[in-house]
Ligand SMILES: [Zn+2]
């Protein structure tokens, strides 16, 4: 696929789904156009707004306005083509399919002159350095915050009918939820305020990282849920299963793949959020869960309702 075609294709398919695409790339944007937050590209405190308007529109007091692809570029310091490829990966657009065609491939090599190749390499090298810097920043920040946390119950979980679970609690009452990678190292962390506002600790490498809710000695199943409250509710319903939370819809697929690698023969069930809408908006929770389940030959369990519901809502209604 030509770069320009890929950009058009991504823009067309991503329309109306930018929060999902950005979440899949670890780019956190506020869920309301009225919220002012720190900018995912240049930081700050409240200089950033995300209007979306179906195109990923955003405005930052420092680095300016743009659409979803612009934001991916700014966050990753890369060009439009690489940004489109990153978005294509999340959306499952197979842009490499045509490159196996020898004619296209040879044409492509001609288009990609030496200069462009070099720029691409520099961009990749820069990305590796940025990742290392981000990791170092995270480790410093996390260990600092972790020292201040005290194990206890949280008002957030109690308000969700989930008393009795303890987590590291920060001085403002927020949960500090560590997320590990496949080696077991803490590579990301989420804070959840008593009011339920969730935020990633800066520098978090969320993609594929997860929080394990329980460690059963023997289990037939791995259950993957999006958020912590949902995962704990599922755990109460199915205490024998190994249950993990993936934080959000965009992270279900990489976490499912990690679980499949570490548990080759267990059944994997994605406990999906039912992001049901009355209008024609996509059911992001269901779509992401189905995609994750498909890639690991797993199953989807969706709360059986015709309204927006997750398994924690369901659990609370039935108790
Ligand atoms: Zn900015």
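The values are calculated or read from the model by the stated rules, or taken from the named source; none is laboratory data. Owing to the predicted nature of the structure, the values given are computational and were not obtained by experimental measurement. Methodologically, a virtual Cβ is constructed for each residue, glycine included, from the backbone with ideal geometry; neighbour enumeration extends over all protein chains shown.
Values as computed for the structure displayed
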read-out	value
Matching entry among 30, 19 (being under 29 Å from residue 2 (Cα atoms), surrounded by 13 or more Cβ atoms within 10 Å (Cβ to Cβ) and at pLDDT 90 or above)	19
Residue among 189, 205 that is surrounded by fewer than 24 Cβ atoms within 10 Å (Cβ to Cβ) and either in contact with a helix residue (DSSP H, G or I) (Cβ under 9 Å, 6 or more places away or on another chain) or not in a loop (DSSP other than H, G, I, E, B) (or both)	205
Meets criteria (surrounded by 21 or more Cβ atoms within 10 Å (Cβ to Cβ) and in contact (Cβ under 8 Å) with a residue 24 or more places away in the chain) for residue 88	yes
Of all residues making up region 36-66, the number that are more than 8 Å from the ligand (Cβ to nearest atom), surrounded by 18 or more Cβ atoms within 10 Å (Cβ to Cβ) and outside any strand (DSSP E or B)	1
Residue count, region 67-80 (criterion: part of a loop (DSSP other than H, G, I, E, B) and either within 13 Å of the ligand (Cβ to nearest atom) or modelled with pLDDT under 95 (or both))	3
Every residue from region 307-319 that is surrounded by fewer than 18 Cβ atoms within 10 Å (Cβ to Cβ) and touching a strand residue (DSSP E or B) at 6+ places or on another chain (Cβ under 9 Å)	307, 308, 317
Qualifying residue in region 40-61 (condition: over 21 Å from residue 197 (Cα atoms), within 17 Å of the chain's Cα centre (by Cα) and either in the same structural domain as residue 281 (by TED's automatic domain parsing) or modelled with pLDDT of 95 or more (or both))	yes
Selection count, region 140-177, where residues are in a strand (DSSP E or B) and buried (at least 18 other Cβ atoms within 10 Å of the Cβ)	6
Contacts under 6 angstrom Cβ, first residue in region 25-52 being closer than 27 Å to residue 255 by Cβ, partner within 11 Å of the ligand (Cβ to nearest atom) and assigned to a loop (DSSP other than H, G, I, E, B), 6 or more apart	27/40; 28/40; 41/63
Residue among 255, 213 that alone is without any contact (Cβ under 8 Å) to a residue 40 or more places away in the chain and in contact with a helix residue (DSSP H, G or I) (Cβ under 9 Å, 6 or more places away or on another chain)	213
Residue match in region 1-16 (condition: modelled with pLDDT of 90 or more, within 18 Å of the chain's Cα centre (by Cα) and surrounded by 15 or more Cβ atoms within 10 Å (Cβ to Cβ))	yes
